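**Student:** Here it is: the structure, laid out below.
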Protein chains: 2
Amino acid sequence: VDHLLARAEQLDAADPLAGWRDRFVVGDPGLIYLDGNSLGRLPKATQARLSQLVDVEWGEHLIRGWHDWVDLPERVGDALGSALLGVAAGQVLVCDNTTVNLYKLALAAAKARPGRRVIVTDDDNFPTDRYVLAQLAAQQDLELRVIATPIDEGVQLDAVRAAVDHDVALVSFSHTAYRSGALAPMATIDELAHSVGALTLWDLSHSVGAVPVDLSRSDLAVGCSYKYVNGGPGAPAWLYVRRDLQTYLGNPIAGWFSQRDQFAMGPEYSPRQDVGRFLTGTPPVLGLVCVEEGVRVLAEAGLDRLRAKGIALTEFVIEVADAWLSEYGVRIATPRDPERRGSHVVLEHPQAWQLAQALTAAGVIPDYREPNRLRLGPAPVYTRFIDVHDGLSRLRTILRESSHTSFPAKAASVR
Amino acid sequence: VDHLLARAEQLDAADPLAGWRDRFVVGDPGLIYLDGNSLGRLPKATQARLSQLVDVEWGEHLIRGWHDWVDLPERVGDALGSALLGVAAGQVLVCDNTTVNLYKLALAAAKARPGRRVIVTDDDNFPTDRYVLAQLAAQQDLELRVIATPIDEGVQLDAVRAAVDHDVALVSFSHTAYRSGALAPMATIDELAHSVGALTLWDLSHSVGAVPVDLSRSDLAVGCSYKYVNGGPGAPAWLYVRRDLQTYLGNPIAGWFSQRDQFAMGPEYSPRQDVGRFLTGTPPVLGLVCVEEGVRVLAEAGLDRLRAKGIALTEFVIEVADAWLSEYGVRIATPRDPERRGSHVVLEHPQAWQLAQALTAAGVIPDYREPNRLRLGPAPVYTRFIDVHDGLSRLRTILRESSHTSFPAKAASVR
């Protein structure tokens with residue numbers, strides 16, 4: 001008797017979000033998708049909205065469409081901020097990608113703390129964050145102070161405390177760690193940074209849409225919208241600038257969409273006095289409406305219910321992995337305390353790369369992260385407990401039969 | 001007898017691109033669209049491609065879609081570069097927006113000329129260019145030397161010559177002027193800049209897809225793809241970095257897509273050794289496939305035929321305006337020599353704003369530019385000569401009846 005199957009069925013039957021799966025396109029019903037934290041599924045509403053946008057607004061309204069499009073970065077930003085970040089209107093924009101937004105805000109913050117020479121981050125921060133901050137520090141003649149983070153544990157307060165002094169202009173971490181799912185202690189880090197007069201910049205890419213955050217003490221944040229927000233491949237990212245900082249910080253990329261009287265096209269750059277000053281050039285309209293639809297679905301589901309289900313799903317992943325996979329050398333590399341993790345679970349195994357290939361061939365889509373990590377992101381809004389059960393059941397079969405060893409080992413792909 | 005009507009019909013009958021209009025969505029057959037230089041029409045192929053991308057690739061392939069998407073910035077860049085810029089593969093990327101691309105390349109160029117303290121541009125350059133360069137100069141402690149350009153004439157060589165000395169790091173102009181359609185003398189400016197060791201950065205937004213350019217002497221270029229390239233509202237922009245400069249210049253926004261072994265996610269930033277180093281974060285996949293389809297249509301039409309028809313269309317605009325509109329105080333504010341103008345024609349009139357509103361109400365879509373300019377961009381690939389005839393005929397009626405005076409004068413819209 002598979003008592004975990006009964007558990008899964010029981011959990012699905014009691015799930016208040018069970019019906020929400022129907023709001024998404026599910027092409028192959030046999031496919032088990034456990035990578036919603038890399039690219040979220042396609043909401044059905046997005047299909048209809050895109051048709052309207054492309055066929056009617058672009059195709060027929062043509063340039064007149066800008067009447068409705070020009071405020072999309074703020075309108076979608078307000079919706080996302082309200083539903084997923086818990087912040088009041090006028091503080092979030094959807095624009096550019098996460099990398100560009102991080103650059104804009106990090107440079108603005110560094111410039112706002114003249115005389116201070118240090119930016120603090122950690123060695124387990126997402127690569128684009130580390131690269132952007134390193135390059136920015138080099139160009140501005142600043143020091144990037146990279147603290148060590150134990151890969152399974154997330155950012156350590158002791159290390160932050162040791163790194164943060166009065167020479168620090170900016171402290172920047174990810175909230176949910178991409179490799180482990182561990183949560184950084186945001187509130188305490190905000191407090192530590194502020195106690196020395198530094199600003200904080202959070203990357204919420206792996207949190208937004210799945211994990212509630214309290215930005216009331218934070219200064220700046222960025223994040224993507226193609227993971228839990230279901231905005232589609234390469235969907236525009238978002239940025240948050242707390243209201244009282246908006247006129248204090250300058251956007252280094254001073255494009256025309258940040259100009260006060262944009263269509264006067266006057267001789268001098270005179271930036272807007274609100275969050276709009278962090279816009280750059282013409283915003284990506286197709287991507288913006290996809291984000292708007294993605295946010296709408298999550299807003300109706302409710303972040304509290306999403307978080308509750310995210311915890312239940314990851315608890316179930318851990319429960320099943322403990323029962324079935326530990327005997328094959330699979331180790332849970334994510335905090336077991338649900339209050340200390342986001343919405344994905346990482347399984348460590350020496351042949352994780354081959355396991356990922358074998359799982360994909362078996363109709364289960366996981367993610368892989370260096371050096372030996374199988375990353376499972378059962379997005380709360382459309383993933384069923386039975387998906388977790390069936391996916392891990394196939395993984396157990398692969399491990400039992402060692403069928404993954406017939407897949408090639410990982411080769412580096414240098415361009 | 002309306003002999004200009006006969007001319008229009010004759011020109012349409014002889015037009016080798018006449019059939020190409022059918023490749024675009026034309027919703028209201030009575031609408032005359034003369035703003036293809038602001039937002040190009042929707043290619044029918046783009047509708048089909050987007051459906052495939054969204055419904056199948058995103059909806060069903062999910063994260064596996066990245067196998068085909070990851071190279072889109074370079075693949076679409078190569079196609080655009082080959083068909084519309086006449087450059088060999090490996091030098092163009094489609095990514096970000098024009099503002100961000102301009103910032104990246106301008107800052108990279110300034111850093112590549114240490115010790116030089118000046119960036120040269122002109123006061124008629126597109127606003128985003130002027131704002132970006134001004135802000136960048138301020139932040140890098142450089143001087144932005146802004147030469148005066150007579151609004152109807154385009155960039156003047158004498159002024160460039162006077163401004164360019166051995167203290168100049170970068171010279172940056174638009175090729176086709178947005179307010180007049182005047183062309184800047186690219187080759188001579190490239191030569192002048194190089195004679196003092198400066199780099200050149202061209203904004204080709206109002207040229208690409210309509211006017212051939214010779215980049216063989218140029219260093220850097222950027223441009224948008226939502227005008228003549230028909231990539232859709234907020235479509236991603238492109239950038240060009242000549243091959244021998246690619247490892248010499250550094251991308252200031254060092255995102256993970258510019259990393260050599262991107263998915264190793266290693267500790268150090270080690271940028272790619274090709275044009276890919278100018279990528280930032282995750283590229284906008286929906287916009288990229290729209291640009292790919294837009295480029296494909298123009299590539300099949302052929303840039304030579306597009307330019308020939310662009311000249312014929314703008315000649316016809318001028319011929320009709322001379323015949324019908326000059327008596328009402330309309331002045332041609334674009335060079336009459338077709339070799340000295342791009343693909344749009346500007347009509348100056350003291351009530352241009354009201355004329356634009358009246359035209360729109362009459363089913364003719366023009367553009368308006370400060371302070372008194374009606375801008376007509378009859379995009380060669382889908383605009384008929386009869387459209388020019390009918391559009392200007394309606395404008396003549398408006399002027400004759402003074403019906404535009406019932407529309408409100410322009411009010412500034414400061415945010």
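**Student:** For residues that are more than 14 Å from the chain's Cα centre (by Cα) and aliphatic (A, V, I, L, M), scanning just segment B:373-389, find the one that is farthest from B:ILE332 (Cα to Cα).
**Tutor:** B:VAL381
**Student:** Determine whether B:ARG64 is within 11 Å of chain A (Cβ to nearest Cβ), part of a helix (DSSP H, G or I) and in contact (Cβ under 8 Å) with a residue 12 or more places away in the chain.
**Tutor:** In short, no.
**Student:** Go through segment A:310-365 and give me each residue that's touching a helix residue (DSSP H, G or I) at 6+ places or on another chain (Cβ under 8 Å), of a type outside the set (A, V, I, L, M) and in a helix (DSSP H, G or I).
**Tutor:** Matches in segment A:310-365: A:THR314, A:GLU315, A:PHE316, A:GLU319, A:TRP324, A:TYR328, A:PRO338, A:GLN354, A:GLN357, A:THR360.
Condition check ((1) buried (at least 21 other Cβ atoms within 10 Å of the Cβ); (2) modelled with pLDDT under 95; (3) not in a loop (DSSP other than H, G, I, E, B)) across all residues:
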residue: B:GLU74; (1), (2), (3): yes, no, yes
residue: B:GLY81; (1), (2), (3): yes, no, yes
residue: B:LEU84; (1), (2), (3): yes, no, yes
residue: B:ASN101; (1), (2), (3): yes, no, yes
residue: B:LYS104; (1), (2), (3): yes, no, yes
residue: B:ASN125; (1), (2), (3): yes, no, no
residue: B:VAL132; (1), (2), (3): yes, no, yes
residue: B:LEU136; (1), (2), (3): yes, no, yes
residue: B:VAL146; (1), (2), (3): no, no, yes
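**Student:** Next up: Six or more apart or on different chains, Cβ atoms under 7 Å: show the pairs whose first residue is in segment A:235-249 and among the charged types (D, E, K, R) and whose second is at pLDDT 95 or above.
**Tutor:** A:ARG242/A:GLN91; A:ARG242/A:ASP219; A:ARG243/A:GLY90; A:ARG243/A:GLN91
**Student:** Look at segment A:309-324 and say how many of its residues are closer than 11 Å to A:PRO338 by Cβ and free of Cβ contacts under 8 Å to residues at least 40 places away in the same chain.
**Tutor:** Counting residues in segment A:309-324 that are closer than 11 Å to A:PRO338 by Cβ and free of Cβ contacts under 8 Å to residues at least 40 places away in the same chain gives 3.
**Student:** Then there's this: With the requirement that a residue be of a type in the set (D, E, K, R) and closer than 30 Å to A:GLU300 by Cβ, what does segment A:366-402 give you?
**Tutor:** A:ASP367, A:ARG375, A:ARG384, A:ASP387, A:ASP390
**Student:** Got a sec? Which of A:ARG277, A:ARG296, A:ARG307 is within 22 Å of A:ARG179 (Cβ to Cβ), part of a helix (DSSP H, G or I) and of a type in the set (Lys, Arg)?
**Tutor:** After ruling out the rest, the residue left standing is A:ARG307.
**Student:** Scan segment A:170-221 for residues that are of a type outside the set (Val, Ile, Thr) and either surrounded by fewer than 23 Cβ atoms within 10 Å (Cβ to Cβ) or in a loop (DSSP other than H, G, I, E, B) (or both) and report the count.
**Tutor:** Going through segment A:170-221 one residue at a time, the tally reaches 30.
**Student:** Name the residues in segment B:313-346 that are hydroxyl-bearing (Ser, Thr, Tyr) and in contact with a Gly (Cβ under 8 Å, 6 or more places away or on another chain), would you?
**Tutor:** B:THR314, B:THR334, B:SER343
**Student:** Out of the residues in segment B:275-294 that are in contact with an Asp or Glu (Cβ under 9 Å, 6 or more places away or on another chain) and small (Gly, Ala, Ser), which is nearest to the other protein chains (Cβ to nearest Cβ)?
**Tutor:** Restricting to residues being in contact with an Asp or Glu (Cβ under 9 Å, 6 or more places away or on another chain) and small (Gly, Ala, Ser), the top hit is B:GLY281.
**Student:** Now, a different point. Here's a check for you: in segment B:109-123, which residue that is in a helix (DSSP H, G or I) and of a type in the set (A, V, I, L, M) is surrounded by the most Cβ atoms within 10 Å (Cβ to Cβ)?
**Tutor:** Restricting to residues being in a helix (DSSP H, G or I) and of a type in the set (A, V, I, L, M), the top hit is B:ALA109.
**Student:** Going through segment B:151-167 one residue at a time, which ones are away from chain A (no Cβ under 14 Å), within 26 Å of the chain's Cα centre (by Cα) and either surrounded by 14 or more Cβ atoms within 10 Å (Cβ to Cβ) or aromatic (Phe, Trp, Tyr) (or both)?
**Tutor:** B:ASP152, B:GLU153, B:GLY154, B:VAL155, B:GLN156, B:ALA159, B:VAL160, B:ARG161, B:ALA163, B:VAL164
**Student:** Here is a further query. In segment A:225-274, which residues are among the β-branched types (Val, Ile, Thr), more than 8 Å from every other protein chain (Cβ to nearest Cβ) and crowded, with 20+ Cβ neighbours inside 10 Å?
**Tutor:** A:VAL229, A:VAL241 - these are the residues of segment A:225-274 that are among the β-branched types (Val, Ile, Thr), more than 8 Å from every other protein chain (Cβ to nearest Cβ) and crowded, with 20+ Cβ neighbours inside 10 Å.
**Student:** Quick check, is A:ARG75 facing chain B (nearest Cβ under 10 Å) and either over 30 Å from B:PRO29 (Cα atoms) or without any contact (Cβ under 8 Å) to a residue 12 or more places away in the chain (or both)?
**Tutor:** Taking the combined requirement at face value, the residue does not satisfy it.
**Student:** Another question about this same structure. When you scan segment B:1-54, how many residues do you find that are more than 12 Å from every other protein chain (Cβ to nearest Cβ), touching a residue at least 60 places away in the same chain (Cβ under 8 Å) and of a type in the set (Val, Ile, Thr)?
**Tutor:** Number satisfying all stated conditions: 0.
The values are calculated or read from the model by the stated rules, or taken from the named source; none is laboratory data. Remember, predicted model here, so these are calculated numbers, not experimental data. Neighbour counts run over all protein chains shown; Cβ positions are idealised from the backbone, glycine included.
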